[in-house]
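Step one of this worksheet: look at the structure below.
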Amino acid sequence: MIRSEETRRTASAVLRILVVAAGYYGAGQIGLLRKVTVHGATVTPLWPSTGIALGCLLYLGIGVWPGITLGALLNIITLSDTVSLSDYGIMMSSTVAPLCSYLMLRRFGFRMELDRLRDGVVLVFLGALAGMLISATVGTVLFVLDDKLPAAHFWPVWAAWWSGDAMGVLVVTPLMLVMRKARLPRADDRWLEATALAVVSVVVSLVATRSELSMIYLVFPLLIWAALRFQLAGSAPCALLVSVLAIIAGGQAVGPFAGHTVLQVMLNLAVLNGSVALTALLLAAIVTEKMDIRRRIEQACVELADVVDHLAPGRSATAWPSRYKERRDGL
């Protein structure tokens with residue numbers, strides 16, 4: 001019986017590792033659909049595998065790290081016929097970066113509900129911007145040492161690598177955290193508004209990323225609407241949609257990206273995707289935190305009214321919560 005239980009645990013652990021490897025590899029292949037070459041190095045404006053890796057670590061724990069390593073190795077094999085020593089170093093740095101991000105998030109009390117501004121700030125600055133410095137720095141240094149990249153081109157490649165890895169965390173990880181709370185829709189859900197948001201998101205994002213009239217800032221009112229009304233469940237998919245359409249437009253050199261060099265397009269995409277992700281994530285966290293505070297205040301008012309009613313049963317204290325609710329709804 002003990003041996004059977006150990007076998008089940010081992011099989012479950014192996015299965016989780018394989019699922020993580022498949023997710024990392026699949027996300028990497030999607031990212032490589034829009035790969036660009038910067039001074040001979042292959043980079044992507046958004047590397048979704050880093051977001052998958054950090055999300056899996058948050059969901060399943062640190063024990064699934066071999067799946068990240070295996071997925072990174074498979075992606076490297078698809079890019080080159082032979083695997084060199086520097087490729088193994090890149091594979092390990094691709095594992096260490098999300099691991100460090102995960103450990104930093106845990107150290108600072110990150111909650112996967114993303115219901116506090118603090119959680120959003122920690123995910124942005126530690127999980128994405130700080131943690132991904134490791135993979136970008138190690139990878140670019142190894143390229144230089146392996147004579148795959150001239151030292152004079154170190155910083156452009158490093159910046160493109162780092163921004164792609166960081167954007168993967170900022171865009172994909174919040175979406176995975178939203179999926180954790182996914183549920184079947186109820187009849188009283190705001191279907192009309194949600195449908196309108198989805199349709200408007202597609203139309204506005206297409207216009208903003210393909211118009212030559214510099215209308216890219218149209219996406220920000222859209223993100224504000226999604227965050228205010230639907231919190232992270234609305235803003236995270238909108239941010240992903242905007243980022244994907246912007247990357248496609250940048251790769252085709254249309255709209256606001258027309259007439260720019262590859263480096264200029266990468267820089268514009270990094271700034272746009274970073275601004276979109278920051279707006280969607282932090283605003284949704286602020287709104288969620290404020291709503292939670294409001295609910296706790298309302299609950300405290302109801303409990304206080306019950307105490308007053310218990311201490312002075314002859315008074316109509318129980319009517320106070322309804323009067324409070326009427327006043328609150330009128331604000």
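Note on the chain: GNM, Cα springs under 10 Å; of 303, 289, 193, the largest mean-square fluctuation is that of 303.
Along the axis of the charge dipole computed for the chain (Cβ charges of +1 for Lys and Arg, -1 for Asp and Glu, origin at the Cα centre), the listed residues 252, 92, 238 are led at the positive end by 238.
Charge tally for residue 45 (other residues, Cβ to Cβ under 12 Å; Lys, Arg +1; Asp, Glu -1): +1.
Distances longer than 25 Å among the Cα atoms of the chain: what percent of all pairs is that?
So the portion of pairs separated by more than 25 Å is 58 percent.
Think of each Lys and Arg Cβ as +1 and each Asp and Glu Cβ as -1; about the Cα centre, that makes the dipole of region 16-171 roughly 380 debye. Other residues within the sphere of radius under 13 Å centred on the Cβ of residue 12, judged by their own Cβ, net out at +1 (K and R +1, D and E -1). For the chain, modelled as a Gaussian network with Cα springs under 10 Å, which listed residue fluctuates most, 176, 215, 266? Among 176, 215, 266, the largest GNM mean-square fluctuation belongs to 215.
Annotation: amide H-H contacts under 5 Å for residue 41 (H modelled 1.01 Å from N, sequence separation of 5 or more, or interchain): none. The three principal axes of the Cα atoms in region 93-218 give end-to-end lengths of 59, 44, 22 Å, sorted in falling order. Per residue, region 111-200 exposes 50 Å² of solvent-accessible protein surface, assessed with a 1.4 angstrom probe and all protein chains in place.
In the chain, what percent of the accessible surface is made up of carbon and sulfur (1.4 Å probe, ligands and nucleic acids excluded)? The value for the chain is 67 percent carbon and sulfur by accessible area. Modelled spin labels at residue 211 and residue 258, positioned 7 Å past Cα toward Cβ, are 1.4 nm from each other. In a reduced charge model with +1 at each Lys and Arg Cβ and -1 at each Asp and Glu Cβ, the chain shows a dipole moment near 660 debye about its Cα centre. Farthest towards the positive end of the charge dipole of the chain, among the residues 204, 162, 38, is the Cα of 204, using unit charges on the Cβ of Lys, Arg, Asp and Glu. Estimated from helices alone, the mean residue ellipticity of the chain at 222 nm is -25000 deg cm²/dmol (sum of -39500 (n - 2.57) over DSSP H runs with n ≥ 4, per residue).
Among 160, 27, 312, the largest mean-square fluctuation in a Gaussian network model of the chain (Cα springs under 10 Å) belongs to 312.
How high is the relative contact order of the chain, in percent, counting Cα pairs under 8 Å that sit 6 or more residues apart? Provide the component values of the computation, followed by the final result.
Working: 421 pairs, mean separation 57.8, N = 331.
Normalised by residue count, the contact order of the chain is 17 percent.
Annotation: per residue accessible area for region 222-292 equals 38 Å², rounded to a whole number [probe 1.4 Å, protein chains only]. Neighbours of residue 127, meaning other residues whose beta-carbon lies under 14 angstrom from its beta-carbon, give a summed charge of +2 when Lys and Arg score +1 and Asp and Glu score -1. The mean of 1/r over all pairs of different alpha-carbon atoms in region 179-297, once inverted, gives a Kirkwood hydrodynamic radius of 15.2 Å.
The values are calculated or read from the model by the stated rules, or taken from the named source; none is laboratory data. Keep in mind that what you see is a predicted model, and the values were worked out from it rather than measured. Note: ideal-geometry Cβ built from the backbone for every residue, glycine included; neighbour counts use all protein chains shown. Please note that ligands, DNA and RNA were not included when accessible areas were found on the heavy atoms of the full protein model with its side chains. Shrake-Rupley method; radii C 1.70, N 1.55, O 1.52, S 1.80 Å.
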